[in-house]
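Asker: The structure follows.
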Amino acid sequence: IQGLVGTLGTLGAGVGIGQIFRNVTGIMIDFDQSQADLSAISGKTKGELAGLTAQAKELGATTQFSATQITEMQIELAKLGFTSDQILDSTKAVSNFAAATGTDMASASKVAGSALRAFGLEAREMDRVVSVLGVATTKSALSFSDYETAMSQVAPVSKAFGFSIEDTTTLLAQLKNAGFDASKGAIATKNILLNLADANGKLAQEIGRPVTSLDDMAVAFGELEAKGIDLAKALDLTDKRSVSAFKVFMENADGMVDFRDSITNVSAELQDMADKKLDSVQGQLTLLSSAWEGW
């Protein structure tokens, strides 16, 4: 009996070692292929991508994402035209964004990278971008998927009008809280900003002065609300597609600046969100798996 147990034990150990070997080999093959893909898309040699490779290995061993997933995120940023240095500056922030919002790395990098570019910001400000977007999902009805739809529609006009990513996210949050879907909210916000920008338009003339910031908009729309603008007058000042959003902005003018301030300089809050996502048995097992893959 002891001989049989010993034989089975040896066989079991052999099977276990074989499984481990296959697992390790698979990890190495997947990572090497993702690195080859990054090289092909970025136009850089693997030697020139050494910094990104080291970063992917480090984050792959210390976060919930594997080194291969980190590289896949770097690939998405490369597709958006980010240089190696810009990707290096952005990777850690985007990984926190994905962790905090519970989305995949590719989607997180697309939304974050596109928003950064749309507002004309430098890669070193990626932490600011993702913290605004991430924290806003905990303080409003906005979700990650809303950004995929809305930001591309409204961000170019917002930037041209002088509104920051914090300002724009605030307006989208107000409409989402009022039940607007992402697309209609983005279109309505864009149209209202365009109306405000038209010095000869009825809305700008009704306000009687330029509106160049969210602070100005909050004061001006508060004054319009105090005048008792009814639906007919609101329709005259805007258009059919924007009148409902216009009313929402007037009714919530008092809270605009406070909400904007609550999603400004919130990098620590985003990090806390990401950390809490892993404060569970499943989260600790995920970190253990990442550490193993890193090894």
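Asker: Considering only residues that are in a helix (DSSP H, G or I) and touching a helix residue (DSSP H, G or I) at 6+ places or on another chain (Cβ under 8 Å), which ones fall in the range 34-57?
Answerer: Result: Ser34, Gln35, Asp37, Leu38, Ile41, Ser42, Gly51, Leu52, Thr53, Gln55, Ala56, Lys57.
Asker: Quickly run through the range 246-262 and pick out the residues that are in contact with a Phe, Trp or Tyr (Cβ under 7 Å, 6 or more places away or on another chain) and under 14 Å from Lys176 (Cα atoms).
Answerer: Phe249
Asker: Quick one: in the range 106-137, of everything that is among the polar types (S, T, N, Q) and open to solvent by less than 20 Å² (accessible area, probe 1.4 Å), which residue is farthest from Thr264 (Cα to Cα)?
Answerer: So the residue we want is Ser109.
Asker: Residue by residue through the range 162-182, note down the ones that are under 20 Å from Arg241 (Cα atoms) and crowded, with 18+ Cβ neighbours inside 10 Å.
Answerer: Thr168, Thr169, Thr170, Leu171, Leu172, Ala173, Gln174, Leu175, Lys176, Phe180, Ala182
Asker: Looking only at the range 183-199, decide whether some residue is surrounded by fewer than 18 Cβ atoms within 10 Å (Cβ to Cβ) and closer than 30 Å to Thr91 by Cα.
Answerer: yes
Asker: Give me the pairs: first residue in the range 53-69 and closer than 18 Å to Gln284 by Cα and open to solvent by 20 Å² or more (accessible area, probe 1.4 Å), second residue in a loop (DSSP other than H, G, I, E, B) and aromatic (Phe, Trp, Tyr), beta-carbon distance under 9 Å, and six or more apart or on different chains, which are they?
Answerer: Partner pairs satisfying both residue conditions: Ala61/Trp295.
Asker: I'd like to know if the range 149-163 contains one or more residues that are modelled with pLDDT under 95 and over 21 Å from Met217 (Cα atoms).
Answerer: yes
Asker: Would a scan of the range 224-241 turn up a residue that is within 23 Å of the chain's Cα centre (by Cα) and either under 19 Å from Val154 (Cβ atoms) or hydroxyl-bearing (Ser, Thr, Tyr) (or both)?
Answerer: The answer is no; no qualifying residue exists.
Residues are listed down the side, and each one gets a yes or a no for (1) open to solvent by 70 Å² or more (accessible area, probe 1.4 Å); (2) touching a strand residue (DSSP E or B) at 6+ places or on another chain (Cβ under 7 Å); (3) β-branched (Val, Ile, Thr):
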{"site": "Ala204", "(1), (2), (3)": "no, no, no"}
{"site": "Thr212", "(1), (2), (3)": "yes, no, yes"}
{"site": "Phe221", "(1), (2), (3)": "no, no, no"}
{"site": "Lys240", "(1), (2), (3)": "yes, no, no"}
{"site": "Val243", "(1), (2), (3)": "no, no, yes"}
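Asker: With the requirement that a residue be over 20 Å from Leu171 (Cα atoms) and of a type in the set (Lys, Arg), what does the range 252-285 give you?
Answerer: Once the filter is applied, which keeps residues that are over 20 Å from Leu171 (Cα atoms) and of a type in the set (Lys, Arg), the range 252-285 yields Lys276, Lys277.
The values are calculated or read from the model by the stated rules, or taken from the named source; none is laboratory data. In this text, all values refer to a predicted model and were calculated from it rather than measured experimentally. Reconstructed Cβ throughout: ideal geometry from the backbone, glycine too, with neighbour counts over all protein chains shown. Each accessible area value is taken on the protein alone, full model and side chains, heavy atoms only, with ligands, DNA and RNA left out. Shrake-Rupley method; radii C 1.70, N 1.55, O 1.52, S 1.80 Å.
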